[in-house]
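Trainee: Please read through the structure below; I'll follow up with questions.
Read-outs: derived from the displayed coordinates by stated rules, not from any lab. Small disclaimer: the values here were computed from a predicted structure and weren't measured. Cβ sites come from the backbone with ideal geometry, for glycine too, and all protein chains shown count toward neighbours.
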Amino acid sequence: MSHWVPAQAFHRPFVRLAIAALLALAASAAAAQGVLTLYGGARAGGEFIDQNAGDAVIKLDSGAAASLSFDWILSDGRQAQVFYSFQRSALPGSVLNQTGDVSVNISYLHLGGRVFFDGSHATSGGYVVGGLGITHLSPGFDGLSSEVRPSANLGLGYQWMLSRQVALRSELRGYLTLLNSSGGFFCSGGCVVAIRGDTMSQVEGMLGCRSVSDWQSRKSDPEE
């Protein structure tokens, strides 16, 4: 039997988790002298089944996304990574008999890594990136609940070194979220919304600027 839980009950713990992660990130940056990358990009994908409309397929809107990653170098030369990405998307208003779309904020928070197969973290070259963590989906409509689900990302990227401190990074990442919903996803009071799905997949193209401290760039420079 499904029970409605207010969105705030999910949203507030997630905000506290995100703040705690950012504080831990800042502490790690000070201790490990890591690498910070800010990305802008576009994300597409994400489908559900609307049981109130004869099992019609409904799709999340594509749109802009913003991301942040923090990397630090492991003893074997690989990079560990904390990754966060946010997109403001929407579902068709038909799921709630509304004339306008229903906004849905989608956030990924993952722990993973980056491995260069061409070059290294201190040079230009290609790499594989990925991680495991959670997806937070928060609909912008009173009475609907937020959802937190396990997820993963995997991608390919290339790094162009502009200087010892600054580099450009382009990436293509795919996201897979395990929904395991049989009809109560975003379930509001009385289950007015009845959408289901086993997984949600999205793809994102990203362009970012990587910055490191001068101390870290000198330490990792292969010529020094």
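Trainee: Please compute the length gained on full extension between Val166 and Gln98, using 0.36 nm multiplied by the number of residues separating them and subtracting their Cα-Cα distance. It would help to have the intermediate numbers written out before the result.
Mentor: On the way: separation 68, 0.36 × 68 = 24.48 nm, distance 4.70 nm.
This chain segment gains 19.8 nm when fully extended.
Trainee: How much length is gained if the chain between Arg149 and Ile58 is pulled fully straight, taking 0.36 nm per residue apart and subtracting their Cα-Cα distance, in nm to one decimal?
Mentor: Gain in length upon complete extension: 30.8 nm.
Trainee: Hey, rough spin-label estimate for Tyr158 and Arg88, points 7 angstrom out along Cα→Cβ, what's it come to in nanometres?
Mentor: It works out to 3.2 nm between the two label points.
Trainee: Taking the Cβ of each residue in Val129, Val166, Val148 as the centre, tally the other Cβ atoms inside 10 Å and list the residues starting with the fewest.
Mentor: Values: Val129 24, Val166 13, Val148 18.
Going from least to most buried by this count: Val166, Val148, Val129.
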